[in-house]
Amino acid sequence: VDMRTGLVMERASEMQRRHKVYVPPSLDGFRQGTENSRATLVDPRTGIPLEPQSEMRRGFAHADTHPADASCSGQIIDGRCYLFNPMILPFKDAEAFCKSFSPEGHVAAITSQELHSQLASLVTIASNGPTLTWLGGIQKDEHYQWTDGSPWVYADWMPGHPDLQRGSCMEMFRMEGTWWTSVDCSLKRASLCSFPLTF
């Protein structure tokens, strides 16, 4: 029966069987369930409150452990901007993307255990978990070197790597760890960009 007209209806859908119920707005004018969360996000490593980010800003998310300069939308470490790029690209295109920020931009070199830890955290926070990520090491003459010319003074290879037969580029994050592995440069990965800041 149609409640408005009193006529018998042949078929009634589930929506037609339900009576409309008015849901009053809450005191601040929003209907319940539609208001933004008022929860405070906290970096579990540092305890520093994080600023909530929209889905649009997450494309180049950053860890707020150091203040970002106007010319760096990522994390500043030792005068360099480190920026996580979530777009999956072959290594050559990832390197070109990093150069678009600065003529001296490259896929990131990791020269110390401390920097490795900071960048692994940046990637994990920015991508909500470990993500296969290009690092700026490439094979030349039977050994690896950084594309930005940094000295090769630190490494964290997964056991059995580098495997020069597998490929001449390197990625971070394998088997839930931050180890480095050698892979084919034509594979598509997220990347870490690095470029010096000019003040």
Quiz item: Considering region 78-88 alone, what residues qualify as being outside any loop (DSSP other than H, G, I, E, B) and surrounded by fewer than 18 Cβ atoms within 10 Å (Cβ to Cβ)?
Solution: Pro86, Met87, Ile88
Quiz item: Counting only residues that are in a strand (DSSP E or B) and touching a Lys or Arg at 6+ places or on another chain (Cβ under 8 Å), which one in region 184-199 is farthest from Phe97 (Cα to Cα)?
Solution: Pro196
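Return the only residue of Asp156, Asp184 being closer than 16 Å to Lys92 by Cβ and modelled with pLDDT of 90 or more.
Asp184
The values are calculated or read from the model by the stated rules, or taken from the named source; none is laboratory data. In this text the structure is predicted, and so the values were computed from the model without any measurement. All Cβ positions, even for glycine, are placed from backbone atoms using ideal geometry, and neighbour counts span all protein chains on display.
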